Amino acid sequence: MARNLLISCVFALTTLVSPGLAEPFKLVMIEQVGCHWCAQWDADIAGAYPKTDEGKAAPLERVMIRDLPMDELQTAARVIYTPTFLLVRDGVELGRIEGYPGEDFFWGLLARMIDENSSEAPQG
């Protein structure tokens, strides 16, 4: 309950940002054709994701690993595994989940990444 309230507050803050300040979070899913765990994530999470507080706080952007826009995305380390989920703001990686740890762990890890980075959200 408190987690949902926190994520809703983060979403409200990030969507009310003025043009000169940081953009909202986004979740970049890096995948590739034939990736079993990408397909499993699709089956478990993809349909519900945009309807959740996490999906509203960090809308999903899917990118094929071979098309990763390195000139537009500043990552903490090279992306090797698929799927890799990057929490991004202003083109800068704030956190990542490498691989798909299953539905229960995915939601918890994502919520923690959003929570840990929400203190950087603009105030006021």
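The values are calculated or read from the model by the stated rules, or taken from the named source; none is laboratory data. The shown structure was predicted, so the numbers you read here are calculated from the model rather than taken from an experiment. Positions of Cβ are generated from backbone atoms using ideal geometry, with glycine treated the same way; all protein chains shown enter the neighbour counts.
Here is the figure for the range 10-37: residues that are modelled with pLDDT of 95 or more and farther than 14 Å from L86 by Cα total 6. Taken over the range 46-88, the residue count meeting the criterion of being loosely packed, with under 11 Cβ neighbours inside 10 Å and among the acidic types (D, E) is 3.
Restricting L109, L87, L94, L27 to residues that are in contact with a Phe, Trp or Tyr (Cβ under 9 Å, 6 or more places away or on another chain) and free of Cβ contacts under 8 Å to residues at least 24 places away in the same chain narrows the list to L109. The set of residues from the range 90-102 being at pLDDT 95 or above and not β-branched (V, I, T) comprises E93, L94, G95, R96, E98, G99, Y100, P101, G102.
On inspection, D104 passes the criterion of being surrounded by fewer than 18 Cβ atoms within 10 Å (Cβ to Cβ), under 15 Å from Q40 (Cα atoms) and either in contact with a Ser or Thr (Cβ under 8 Å, 6 or more places away or on another chain) or acidic (D, E) (or both). Of all the criteria given as (1) more than 21 Å from S119 (Cβ to Cβ); (2) out of contact with any Cys (no Cβ under 6 Å at 6 or more places or on another chain), the one not satisfied by E31 is (2).
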